[in-house]
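Values quoted throughout were computed directly from the atomic coordinates according to the rules given, and no laboratory measurement underlies them. Only a predicted model underlies this, so the values are computations on that prediction, with no experimental measurement involved. So basically every Cβ, Gly included, is an ideal-geometry build from the backbone, and we count neighbours across all protein chains shown.
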Protein chains: 2
Amino acid sequence: MPNPTAAMLVIGDEILSGRTQDTNTNHLAVKLTEAGIDLREVRVVGDEADEIVAAVNALRARFDYVFTSGGIGPTHDDMTADCIAQAFEVGISVRADARAILATNYKNPDKELNAARLRMARIPDGADLIDNPVSKAPGFRLANVHVMAGVPTIFHAMVESVLPTLTGGEPLLSATVRIEAPEGEIAAHLAQMAKASPNLSFGSYPFIQNGVFGSNIVVRGVDADRLKLAREELEVLALNLTA
Amino acid sequence: MPNPTAAMLVIGDEILSGRTQDTNTNHLAVKLTEAGIDLREVRVVGDEADEIVAAVNALRARFDYVFTSGGIGPTHDDMTADCIAQAFEVGISVRADARAILATNYKNPDKELNAARLRMARIPDGADLIDNPVSKAPGFRLANVHVMAGVPTIFHAMVESVLPTLTGGEPLLSATVRIEAPEGEIAAHLAQMAKASPNLSFGSYPFIQNGVFGSNIVVRGVDADRLKLAREELEVLALNLTA
């Protein structure tokens, strides 16, 4: 059975303007790979409701899991929860359980849990809450869409909350062999190996370091024995090319 | 007249598996913002021809400029050039000008410019070459799609080659005010400012630093005077909230 598939949707003008380097995608990618879930597509869109709704609907129809990052804070540019409700055509309102969780964050909830903060307790109908041990305001899951915060420390904590609820597949194993020869010297051999082992995937990731052109060859697959054989063959190739 | 729009398409399994943190998007985003071109969407797809073709066609129809990164090297997993040809329904073949450029990279082109390397001279019909001062193998532009390498040093160099050919808009200016108070304390004031100045965009980017919750407020717009007024108002807000 093939592994479950996933997509990531990063929401926020700050990524598109270049102000902020997105790192949440890489964090999620590593965690999903460990869990045997194949991240197949990533999209980044800005703080525009139509764009967010369209992306959510495109991705949730095509992949087993969708994860979003960003846009669930208390300010006017935080519109993800409303967009999710719109995408699923369900209602959205301040929910008692989310409000109660938020209240625990304030010494004087009557005064400090103001209108802006209460926005963070607006949850689309039918969603389950995602625990946020860092700053309380919860994320939520609706069907296969997991809605999480953009601040990396909070995103990471929410991913940890979510991971045990996902159905993973066979963990994808990988082996990397560094070859200090240009890709063009390796390509023919590599294509031949890829053809001979259709159950493994062979990636070539070129680098330039101190003026030396080389490539990291990454072999991926779920069969540890075949992976080992491929790694050994590549190690011999590396020795021959740099000898 | 609104600024031209752009999309970025990152191609490569290594990004989706978490092996590699994509930094090309952030580099391009900064350069486009400086040039007055609005990056509106980013997608990451793996080394799958159907996915690449579909993404290229979706993005080139919707945005003024499309930029791609990755998949133009000599190995079997480098399939971007063929996918671009397929997306545009044009032919692709080894082109004499690209071959001549590649040949300058080798002392003995007859021997060293092997079949794998010649793949890098395969250019879709009708494309212009994009200069690669780092490792010679060119990128190319076909209509509004700019196809560049994934290795960051080469990607950066190709972006420099491409920038002078783009039609920019008014550079988007920005001002950032750091407020050491939780977003929930700022949100109402910020929403009011955003409503009063529809020509400026107000983003709130929360952080947690040494246990302190705060937010960087970023105001963006093309009108320097209005931007200055907004910054001053936010600075007063910051003083009042942390006094």
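Tabulated results
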quantity	calculated
Sorted by Cβ neighbour density within 10 Å, fewest at the top, the residues A:Thr176, B:Thr25, B:Thr33, B:Thr167	B:Thr167, A:Thr176, B:Thr33, B:Thr25
Cβ-Cβ FRET estimate between A:Glu89 and A:Asp128, R0 fixed at 22 Å, reported to 0.05	0.75
Cα-projected label distance for B:Ala49 with B:Asn216, points at 7 Å along beta-carbon direction, nm	4.3 nm
In degrees, nearest ten, helix A:49-62 long axis to first principal axis of chain A (Cα)	50 degrees
Estimated vicinal HN-Hα couplings, Hz - the range B:64-77 in sequence order (Karplus 6.51, -1.76, 1.60; Gly, Pro = x)	5, 10, 10, 10, 10, 9, x, x, 10, x, x, 9, 4, 8
Radius of gyration and maximum dimension Dmax of the range B:173-242, Cα, Å	11.5, 36
Per-copy distances of the A:Leu229 label point, shortest first, in nm (7 angstrom along Cα→Cβ)	7.4
Sorted by Cβ neighbour density within 10 Å, fewest at the top, the residues A:Lys107, B:Lys195, B:Lys228, B:Lys31	A:Lys107, B:Lys195, B:Lys228, B:Lys31
Cα-projected label distance for B:Ala196 with B:Leu239, points at 7 Å along beta-carbon direction, nm	1.6 nm
Assigned charges on the beta-carbon of Lys, Arg, Asp, Glu; the protein assembly as shown dipole about Cα centre (debye)	260 debye
The range A:5-165 - share of DSSP beta bridges that are antiparallel (%, nearest 5)	35 percent
Fraction of antiparallel bridges per DSSP, the protein assembly as shown only, in percent to nearest 5	65 percent
Amide H within-cut-off set for B:Ala181, under 5 Å, with H built and near neighbours excluded	B:Ser215
Amide proton proximity set for A:Ile130, modelled H, under 5 Å, gap of 5+	A:Gly139, A:Phe140, A:Arg141
Listed residues A:Ile123, A:Ile179, A:Ile154, most fluctuating in chain A (Gaussian network, C-alpha, under 10 Å)	A:Ile179
Other copies of B:Ala61: label-to-label distances in nm, shortest first, labels 7 Å along the beta-carbon direction	1.3
Per-residue mean of C-beta atoms belonging to partner chains within 10 Å, peptide A:181-193	6
Amide hydrogen neighbours beyond the local backbone of B:Met148, cut-off 5 Å, H modeled	B:Thr68, B:Ser69, B:Gly70
As computed over the range B:5-165, the Cα convex hull volume per residue (Å³)	106 Å³
Nearest-to-axis residue of chain A, judged by beta-carbon position, where the axis maps A onto B, in Å	A:Arg43, 3
Backbone HN-Hα couplings from phi across the range A:171-188 [Karplus 6.51/-1.76/1.60, Hz, Gly and Pro as x]	x, 7, 8, 9, 9, 10, 10, 8, 10, 8, 8, x, 3, x, 7, 9, 4, 5
Ranked by how many other beta carbons lie within 10 Å on average, peptides B:66-73, A:54-61, B:38-45 from highest	B:66-73, B:38-45, A:54-61
When each of A:Lys111/B:Lys195; A:Lys111/A:Lys136; A:Lys31/B:Lys136; A:Lys228/B:Lys136; B:Lys31/B:Lys136 is checked by Cα-Cα distance, pairs over 28 Å	A:Lys31/B:Lys136; A:Lys228/B:Lys136
